[in-house]
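Accompanying notes for the structure given below.
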Amino acid sequence: LFSSIDVAISPMLAGCQTKLLAKDGIYLHQAPRDVTRGFMGPGNRADWLISCPPGTWQLESKKKEGQALKFHCEAPLVTIVAVDRNDVACELPTFSVARPCYVVDLRQAVPTNSLNWVLGPTPFINGNVFSAGEHEHAAEISLGQVVDMEVSGVDEHPFHIHVNPFQLTEALSDSYEGYFQAGDWHDTIFTPGAAMRGRLNVDAFAGEMVVHCHFLAHEDFGMMHLINVVGQEGTHFAKAKEIDSTCYWDDEDFGEPKILQPGLLAHQRGRGSGIVCEQVWATRPSLSLAWSVHVHWLVRAFVSLTDFVVAL
């Protein structure tokens, strides 16, 4: 059992290929992304694809060499035994998907409000401590607004917002080898650098929205705030479909998930040649592909450590 209630992990799988599909349940705008390691704090999730040669491999939490990180755990996570069953390896194209309109690319939006969050020292947010008896709202925001956010202290306090995810609008000071990129969506952010800039689409649900440090002990001491969201329940960001005409709202009939934009394959980018995964699936649909293992990390409270076999 690996507990991550109060630490971050940096999962990496040396000797294997690793690709990132989604973070905190939201697809990347262009997926999958080649990564060498991740950086995940309490509350973070990530969807990975992995491909390993035959042999035994160790998924472990390991920070970059020479890097000093606060609240970080280095530990083995999972042992992977890859078995050669003469299946055909293939190259994955990149793709983008039709998205719900509340997660369109807000970098193209004009924000109508702004929030500044200063996390720390514990248990303060913006110099205040939450009290259950009497408390003021940190802000009041109308439904349908796009809100600019600047958050400092995220190297010591994982920042989490309930209800609405937020998008990174600028590159972080440390991308952690490309794991963090502008355009990525999160509902929790904990980074090697001290600050982040992002945008929030306040969508559909009125009432009080909780903001807190995801170190649960810090939250218990009062490191949280409430945003009062006002307006007509169900109100959306009116210009979402001007940004992305293919996006859909929950009350629309959007059908099956759609891949909108297949990307370039590795051999089209001049990095060698190989069989395209889509071609393999079309010709041998029962094939167990090397890329068929979909690793989902739920790092809210724990990660179970077990040995398992990856069929290649």
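The values are calculated or read from the model by the stated rules, or taken from the named source; none is laboratory data. Given the structure is predicted, the values throughout are model-derived calculations rather than measurements. Every residue, glycine among them, receives a Cβ derived from its backbone with ideal geometry; neighbour counts consider all protein chains shown. Calculation scope for accessible area: heavy atoms of the full protein, side chains included, ligands and nucleic acids excluded. Shrake-Rupley method; radii C 1.70, N 1.55, O 1.52, S 1.80 Å.
Before moving on, here are some points about what is shown:
- Within segment 151-161, none of the residues are acidic (Asp, Glu) and under 15 Å from the mean Cα position of the chain (by Cα).
- All positions within segment 74-109 that are closer than 19 Å to HIS29 by Cα, open to solvent by 20 Å² or more (accessible area, probe 1.4 Å) and outside any loop (DSSP other than H, G, I, E, B): PHE95, VAL97, PRO100, TYR102, ARG107, GLN108
- Condition broken by VAL151, with the remaining ones in (1) open to solvent by 30 Å² or more (accessible area, probe 1.4 Å); (2) touching a Phe, Trp or Tyr at 6+ places or on another chain (Cβ under 6 Å) satisfied: (1)
- Restricting segment 32-61 to residues that are part of a loop (DSSP other than H, G, I, E, B), over 21 Å from VAL154 (Cβ atoms) and touching a Ser or Thr at 6+ places or on another chain (Cβ under 9 Å), the residue that is most open to solvent (accessible area, probe 1.4 Å): THR36
- Of all residue pairs spaced 6 or more apart or on separate chains, those with beta-carbon atoms under 6 Å, a first member in segment 208-231 that is on the phi > 0 side of the Ramachandran plot and a second member that is assigned to a strand (DSSP E or B) are GLY231/SER142.
- Only one entry in ALA171, ALA132, ALA138 is of a type in the set (Gly, Ala, Ser), under 22 Å from ALA22 (Cα atoms) and either modelled with pLDDT of 95 or more or open to solvent by 40 Å² or more (accessible area, probe 1.4 Å) (or both), namely ALA171.
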